[in-house]
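Have a look at the structure below before the remarks.
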Amino acid sequence: MSGLFALLVALVAVASVVLLAQGSIAIPIGEVLRALTGQGTESDLSRTIVLDARLPKVVTGLLAGAALAVGGAQMQTLFRNPLADPFVLGVSSGAVLGAAVVILGTSGVGWLAGLGVVSQLGVTGAAVAGAAGVLLIALGIARRVGDPVVVLVVGVMLGYLAGALVDMLVYYTDPDRLQALAGFTRGSVRNVTWDELGVIAASCGVVLVLSVFLAQPLNALLLGERYAGSLGVNVRRVHFLCLASVAVLSGITTAYCGAIGFVGLAAPHLARGLLRTSDHRLVLPASALIGSIIVLVAEYVAGGNGLTATSLPLNSVTAFVGAPVILWVLLSGRAKRSAR
């Protein structure tokens with residue numbers, strides 16, 4: 001078990017260094033390591049590229065991938081649904097709607113055109129508010145209905161409704177402003193600066209830190225809410241902490257990086273498959289490492305390798321990982337039911 005975690009940590013380190021070294025200007029790995037450790041580099045340009053242009057992208061990928069994977073594992077446990085992810089209740093669509101209202105409804109162009117950090121926080125706040133609004137509606141319906149399947153369907157419908165409202169805003173807005181909104185439908189970690197990274201790190205950090213304290217309660221929830229309650233677990237509090245933190249995470253990552261799909265769905269299943277256990281004390285940290293690896297490798301394939309002049313949306317690459325995992329989950333579940 002420790003060997004597996006050591007391998008995952010090594011893969012994260014290798015992927016990070018390679019992504020720092022590769023790009024439109026290739027930098028030797030030795031130069032990258034000297035820049036990271038504060039030693040003198042042969043060129044000031046190399047140091048600037050590594051520390052100012054590429055390091056924020058890599059740190060964002062590490063944090064976002066880890067937090068989305070942990071959030072996905074939590075949502076799968078809460079809803080007892082293997083296909084749940086951080087955006088399962090339409091939170092991502094709500095975040096896009098909130099951001100679209102600010103970007104398309106103001107006189108200036110949004111953060112993709114280079115707004116300062118204050119305006120950036122305004123768009124982010126709107127994205128979080130949109131995500132929280134959708135989540136609160138879904139939870140209100142969930143409290144009345146109580147059926148997890150119905151709650152998931154409601155989340156999908158809320159996502160479609162938010163998407164329809166965004167389409168209406170796009171239809172009635174100035175076409176020159178649409179470029180600012182386009183980034184929210186594509187995943188990317190390339191445009192994140194050090195100032196913006198502080199906000200992303202705070203939201204991702206909340207999810208990652210909470211996961212340490214929620215691992216044991218989530219293990220109890222695997223056996224049912226009634227059993228968890230009999231063990232002294234405050235089920236309502238666990239639900240609220242998980243859902244609220246994941247909602248904020250989804251809103252902020254969508255605002256800054258787009259809705260990075262499939263990571264929160266695929267990474268927990270890969271972690272459980274490798275570890276052959278559902279113990280959250282092991283699954284959550286393994287999911288975090290795998291999520292980071294997926295995002296970093298996907299970013300390298302999408303355009304971080306410097307081999308192409310254009311960059312693919314990050315979602316287009318992560319789908320190649322997530323879609324096979326979904327099929328594997330569905331088919332393995334069907335095989336297990338057939339064997340009984």
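The values are calculated or read from the model by the stated rules, or taken from the named source; none is laboratory data. Just so it is clear, the structure is predicted and the values come from calculations on it, not from any experiment. Here the Cβ positions follow ideal geometry from the backbone for every residue, glycine too, while neighbour counts run over all protein chains shown.
A few remarks follow.
- Any helices (runs of 4 or more DSSP H) falling wholly within region 6-81 and containing at least 1 residues that are over 16 Å from the mean Cα position of the chain (by Cα) and buried (at least 21 other Cβ atoms within 10 Å of the Cβ): 29-36, 55-79
- Only listed residue being farther than 20 Å from Arg80 by Cα, part of a loop (DSSP other than H, G, I, E, B) and at pLDDT below 75, chosen from Val128, Val109, Val123: Val109
- Among residues of region 210-234, those that are assigned to a helix (DSSP H, G or I) and over 13 Å from Gln74 (Cα atoms), counted: 6
- Selection status of Leu210, crowded, with 23+ Cβ neighbours inside 10 Å and either touching a residue at least 24 places away in the same chain (Cβ under 8 Å) or closer than 25 Å to Val321 by Cα (or both): no
- Scanning region 76-89 for residues that are touching a Leu at 6+ places or on another chain (Cβ under 8 Å) and of a type in the set (A, V, I, L, M, F, W, C) yields Leu78, Phe79, Leu83, Ala84, Val88, Leu89.
Residue by residue, here is whether (1) farther than 27 Å from Ser93 by Cβ; (2) in contact with a Pro (Cβ under 9 Å, 6 or more places away or on another chain); (3) of a type in the set (Gly, Ala, Ser) holds:
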position	(1), (2), (3)
Gly205	no, no, yes
Gln216	yes, no, no
Ala228	yes, yes, yes
Val233	yes, yes, no
His239	no, no, no
Cys257	no, no, no
Ala271	no, yes, yes
Leu274	yes, no, no
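- Which listed residue is of a type in the set (S, T, N, Q) and surrounded by fewer than 19 Cβ atoms within 10 Å (Cβ to Cβ), from Ser230, Ser245: Ser230
- Filter result for Leu314 (at pLDDT below 85, crowded, with 20+ Cβ neighbours inside 10 Å and either under 16 Å from Ala69 (Cα atoms) or hydroxyl-bearing (Ser, Thr, Tyr) (or both)): yes
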